[in-house]
Every structure is written in structure tokens, then in C-alpha cells.
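A short write-up of the structure that comes next.
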Amino acid sequence: MHRLSAILFIDVKGYTAKMGQDEDLASRLLKRFQQQTEELVSSFRGRIVNFYGDGALCVFNSPIQAVRCAMALQQEFDRDPQVPVRQGLHMGTVVFDGEQVYGDSINIASRIETLGSPGSVLMSGMMATELRNHPEIALTLMGIHHLKNVSRPLEIWALSNKGYVVPKFESSQVAEKSRDLSGMISKFGLFVLLAFVGLISVLLISKRTNGDLKGKDLSILVLPFKNESRDSSNTFFCNGMMEALSNHLSQIDAIRVISRSTAEQYRGSSMNAKQIGAELGVNFLVEGSVLREADRAVIYTQLIEADQDALIWSGSFDRDVSDIFSVQAEITEHIASELKAQILPDVRDRIEKVLTNDPIAYDYFLQGNESYHVADSRHQRNEDWLDLLKKAKLFYEQALVRDSLLAEAYVGLAKTHFQQRIWSRLLEENPLDTVLSLINKAITIRPGLAEAYRWKSRVHLVNGQNILAASDLGKASELNPNDVQSIYDQVQIYRDLQIDYLKAVQLLDRARERAITPDDRWQLHLQYSFVFSEIGDLSREESALQICTSLKPKIPVGFWWYYMRTAQFDQAIEYVLKMYPEDNQFRNTLLAEPYLNKGDYQTAIGYYENLENQIREQSEDNLVSNRDWHRYGQALYLNGDQERGLELMNRQIEINIKKMELGRDRLSAIYDLAGIYSFLGERSLTYDMLSQLEAEDGFLRWGSLEQFIQVDFQFDSIRGDARFQELLARIIRRKESIREAVEEYLKLTHLSL
């Protein structure tokens, strides 16, 4: 199991020498060291993984507890007989395998400890970031250091409260003295080598001298930049170049930029430009490489016409890392010029914007982006996913400690908060206030940040502020015309909130014009499947889902919900077993419900028990289901455990009433209450909920409900009631009217999937 942890390494300095001088004293010191360490680590809710003779490895769930434990240990060891210890702290991901722990983060903590002196407590920048809200803890920056067997340089901080030793050692931005350079190519030689590689690349690609590109669609894919640096961890910097160029180019109205997820498929690929272009239907490629050495970087870039495999333009830029933003702007302008794409003045201003004057802050920001990107590419929300978000959050926070005006880092931090809270904190009074505050801060600093407006709209959507959400999405689309995700977010508003499915389909037609690659088409047809699901067009919904599956066979789509609404419960189970191999909360929920609906209560209970155990084992920040306790209770009730079943159903009633009071996830709360009351035979309360759902257009705003309610076992007790049948008839008539309007539009436009 991977877990984000605070790691503390403690070592008795000079213990071996003391053994040679006075074995009895040394033994007493070691005994005192081990006894006090055991007591204090336990009192600060930490865990001693192992004693290594005169050292100890400890892990903590809380960074502040780890630091306070280190302070308490140092105070204790200052008393007679003194124990000369030095301590190192780091925050990072640790792999827990039974009683054993391992991972790069442990190596980093141990290397930090070796830099210290007796009486010192040293820590990484990531650890220091966690202490920013604790002014009683004084820290001194000791510089940036290259540690043995650690790929990237790290900021090192020392605890500098009274009584703690701040060691004296020279720090260096490059720290060449700490690295063995024998046998390595000189920095100058590397730069010359990269320039030579760039020249060879130019010679190997036919140079297009005729700039006549008229009539060609300006679709462009920015491929992952190659890392030519000796430090393999500089990949995050290369990916930052790729992202920056994609973002800059996407703001130019004439250019259509392909997503990073598509670009990632060609990382390390041996395919040539012509093959990639043909596979994706893309006309132009941007590729490049980066050599970074300390505070210098050489960036080589080329623009290629895909179908001709012809070089249109190439450039090499040898600059200080602090000048990276001007390099990104220059490359963008060169590409736009070659493609005859006009850059409007306001777009040029945004492209030429210097994000920060602190290169280290920018590095932290890019590393945050990397962790967030990996998390966002996960298709299951589990503990590893949350650890990645926490790691991203720490990097963004470090960036803001260095530069409090780095607007993009505020957006990054807002995204991590949103993703964590939307899955686990929605029963809080104001779970997204922090997100909104961070986004507003970003917009205040940089008003032209399209991504900030898109995420702001998502907060408004969760809070039911649909007009504000639509306004922010419009602003995001205006700032970045290539941002298809903003179109999809607008589709959600029209289909789920304004009940205008015709407008939703028309918007998807607009997105269809930009759906060039298989990735784009997959996303487009996924959106179509949502619309067709909600208007009750099962045939078109199934076709859209099948297209998605043909494009990305390993990525799950909406077939589970399709099978559940059409009472194909065995098919729903088979689909989950095939598409969700990892055992986690989400999988257990998806498996339990079809077993319950088909009457296999014991199997359903088994999956619900797994779900409950996983929730109990994981921390409060992990995913907590707040929708399925009543179905778990119903399975227990029907299997003979009525007392426990009623307890869980009552628990869900309390949760849903709370959600309704908060105005959050309201429609699902009303539907689930109706189901519980119907199961319990409370007809009056059932119809109260169903009437409320109808009055709030819940059967249309959450458009597939009228199909599912016809097969949901919870409503078996009222299925024969005339009142229930009349309710269904009214909803079905309204749904048919909506479906007919969409059908007429599709016929007129000859649109087919």
C-alpha cells in the first residue's frame, strides 16, 4: 500500500568511536537512545519501523507530529547524559508491505540526516511547507543540495529555534562538489552535443522551402519533449514545455490543438511524423528536446508537416532557466508565423506573460502538475489516487511559498482541493469555499486565465448556481477557443440543469468539428451517450457507448448504468468484473447493487461488507460512500437481519436530509429517500418525495430515472398503484416530447454517430 507519510531518520553521531573509547558509556547511551525514542515516537502517534543499531527509522501520518516528536527527542537528548543525535525529516510516498516499508522518500530522509550535526534537525522543502501555519517553529533555509542517490536537487531547511543546532556547511545552487564528475561530458560539451543532435535531426527531415499551406486545417499535436539531461527527473521540466506550448497554441483561434492525453500515447514511440499524422488525422507536429544543467537549458524545437514528413521550421534556444517563459513565447510565435495564424493582441499579452521570476517556484509548480496529471489519468478513485493528489498539493503549496503571486499554482491547488472534497466532503457546510477562494485569488492576479474560469464554473455547478456557472464557462471559451472541455461543461448545464437537450446536442455538434483524434472522438461520443441516456434513446446510447469501447477498449464507460436501467443485471456484473479489476470502494458498490436487484442478497452483502471495511480502514480523507447505506441495509433486512438493516436505512435517511438542507446532490437524495420509504411501506412519505422530485423536474434533470424506477426493486410495493402509474405516464410523455425534438433535429442535420 502506498501512503503519503512524514519520515524521520535519527542517528547517534560518532557512536562507533565512543564504543572504542568507553564501551560501557556507549552501551548506556544506546539504551537511553532506544528507550526515549520508543516512548516519544509512540506519544506523538508515530511508528518505529526499525532500529538500525545507533539509528532509527520512524514514520508518522502527520508532518507536524513528526516535527514535534523530533523537537521533543532533541530536548530529551540534550539532558545528561547527552546523546549526540542528528535528525532528518522528509514528506513523501512510502510503500507499506506488512511490517516493512520502503521507497525513495526513505532514502531522501536518510540522506538529509547525514548532512546534519549533533543537535540539528534538518528537513526537506516539502516538509518545511507543511509548517507554514506554525510560526512557533523557526526554520532557516540551508540552500539547495544534491544528495547521494537522489536524482533531483532539494531545498534543505534547519530547525532554528533556540537550543537547536544550525549546522555550518556551504550550499550551492549547483553543488558540483558533491557530485562525481569524472568520466562525464562537460556542461559545454553537452550543449554542443544537443545542438549537433538538433542539426542531424534537421538534415534527416526533408526541409520544406515552399511555405504554401493554404487549405490545410491547422490541427497540431505537441509531442512529449525528450529529456536529454543527465538528470532523469528533469522530465517534469520537459513536460512543462510541452504543456506550455499546447496551452499557448490553443489560445490562437485558427489552430486546433490535440490533447496531452493523446500526445502521451507517443512518448518514446518509433513512429515517424507521417505515421502519427495518418493515425490521428493531424496535419502538423511539434517535437523537441530539452537539456537542462543547473540554471541553464537548451531547448531544441521543430515544426513538421505530418503528411510530407517535412520540416517547416526549427529552432535552438540556449537560455537561463529563469528565461524559460520568453522561450515558450518565441517558439509559439514562430509556429504561428509559419502557419500564417494570427495572434490577437490580448492573446499575445497572455502568451508573453512571465508566470514567476523564481525558477524554483516554477519547478515546484511543474512537479505539482505532473502528480495531478497522473492522478487525473486514473479511472478509479482510490487511495493511490488520493496520495497523488496530496503530493500535487504539497508541490503547489511549495511553489506558493516561494512566489505568492504564481496564479497558476493557485488553480492547481484549487483543483486538488476540489477533487478531494467532491468525493468525500460534500456533507460539510461549505466544502468548496477554499476552492472558490483559491480560484478568485488566481483570477485577481491573472484575469486572463481560462482554466481558472472553467474550474470556478464547476464550483458554481456543485452549489446549484447555474447562471454563474454558464457565465464563467463562456468566459473560459472566449479566452481559450480550443478548450473543448468548456463546451462539454456547458452541455452538462443544458442537459442536467436547464433541461434543454436540443441545445446540448447542438453544442456537441460544435465540439464534433474539433474531434479529430481517437481520444477526441471517444470524449465526444461519451458526451453523446450521456444525452441519449437522459432522453431515453436507448438505441443511440448503446451505439455511442460501443463507439467509445471500440476507440478505448480498456476504459469503462456507461454500460453499467445502461444494463441496470434495462434490468440486465448479469451483464452489469460481467461488465464490472471485466472493466474494474482493482478491489476498491467503487468496484464493490458497482457489484453489490446488481446482485441486490436480482435477489442474491448474500453476495450483495459480501460486497457491501468489503465496502464498509475499506471505508473503516482508510482515513477520513479517503472516499466515503454516502449513497449506498440504505441498499446495504435493505440487503441485510431481506436476508433476515432486520435490526441492522433498519439501522443502516435510518443512517441513510439522516444523510439525505442533511444533503437536502445543504442543497447538495439534492435530486439523488430525494430519489433515495423515496426508495427507502417505499421499501418500508411508507406510502405517504414515498409519494411526498416522488411529488417533490417531479416538481423540481428531477426526472428530467436527472434524465434516466424514469427508466430505472421501473426496474428498481425498492418500488415494488407501489408498482401497481394507479398514482404511481399516472406519475410514470406524465414523465414518459414529457420525455417523449423532448426526444422527438432531438430526433427531428438529427434528421434535419443528417447527423449520425
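Miscellaneous remarks
- Accessible area of the chain belonging to carbon and sulfur atoms, whole % at 1.4 Å probe: 48 percent
- Rg over Rh, two decimals, the range 635-753 (C-alpha only, Kirkwood Rh): 1.07
- Counted charge near D520, where neighbours are those whose Cβ lies closer than 11 Å (Asp, Glu -1; Lys, Arg +1): +2
- Computed accessible area, D318, all protein chains, 1.4 angstrom probe, square angstrom: 70 Å²
- Distant-in-sequence amide contacts of L4, defined by a placed amide H-H separation under 5 Å and a gap of 5 or more residues or a different chain, comprise V94.
- Over 23 Å apart at the Cα level, from the set K391/K415; K415/K475; K226/K441, are K226/K441.
- Between N161 and M271, the distance separating the two model label sites (each 7 Å from Cα on the Cα→Cβ line) works out to 5.7 nm.
- Where N is the number of residues in the range 464-564, Cα Rg divided by 2.2 N^0.38 Å: 1.08
- Counted charge near L131, where neighbours are those whose Cβ lies closer than 12 Å (Asp, Glu -1; Lys, Arg +1): -1
- Structure-based [θ]222 nm, the chain - -39500 (n - 2.57) summed over DSSP H runs of at least 4, per residue, nearest 500: -17500 deg cm²/dmol
- Relative packing of 291-298, 730-737, which averages over residues the other C-beta atoms within 10 Å, highest first: 291-298, 730-737
- Label zone (N50, point 7 Å along Cα-to-C-beta; backbone nitrogen cut-off 15 Å) within the range 80-115: 95-111.
- Dipole in debye (nearest 20) - the chain, about Cα centre, beta carbon charges: Lys, Arg +1; Asp, Glu -1: 880 debye
- Student exercise, the range 309-413 dipole from Lys, Arg, Asp, Glu Cβ charges, in Debye to nearest 20: 360 debye
- Using a probe of 1.4 angstrom and keeping all protein chains present, the accessible surface of the chain works out to 43 square angstrom per residue.
- The heavy atoms of W560 offer some 40 square angstrom of accessible surface to a 1.4 angstrom probe.
- Distance cut-off 52 Å, percentage of C-alpha pairs in the chain lying past it: 22 percent
- Taking 0.692 mPa s as the viscosity and 37 °C as the temperature, the Stokes-Einstein diffusion coefficient of the range 233-319 based on its alpha-carbon Kirkwood radius rounds to 235 µm²/s.
- Theoretical gain in end-to-end length, Q82 to T566 [0.36 nm per residue, Cα-Cα removed]: 166.8 nm
- As a calculated quantity, the FRET efficiency between L141 and I499 at R0 = 45 Å, using C-beta atoms, amounts to about 0.20.
- Between amide H atoms placed 1.01 Å from N, distances below 5 Å from D309 occur with K274, all of them 5 or more places distant or on a separate chain.
- Counting only Cα atoms, the range 1-111 measures 43, 23, 22 Å along its principal axes, largest extent leading.
- For the range 85-92, putting each phi into the Karplus relation 6.51 cos²θ - 1.76 cosθ + 1.60 with θ = phi - 60° gives couplings of 9, 10, 9, x, 10, 8, 10, x Hz, in residue order, rounded to whole numbers and with x for Gly and Pro.
- Gain upon complete extension [K552, S737; 0.36 nm per residue less C-alpha separation]: 63.2 nm
- Scaling against 2.2 N^0.38 Å puts the C-alpha radius of gyration of the range 704-751 at 1.52.
- Pairs exceeding 25 Å between alpha-carbon atoms, taken from K456/K659; K216/K274; K216/K503: K216/K503.
The values are calculated or read from the model by the stated rules, or taken from the named source; none is laboratory data. Just so it is clear, the model here is predicted, and its values are computed rather than measured. A quick note on method: Cβ atoms are made from the backbone with ideal geometry, for glycine too, and the neighbour counts reach across all protein chains shown. Ligands, DNA and RNA are excluded from the accessible area calculation, which covers all protein heavy atoms including side chains. Shrake-Rupley method; radii C 1.70, N 1.55, O 1.52, S 1.80 Å.
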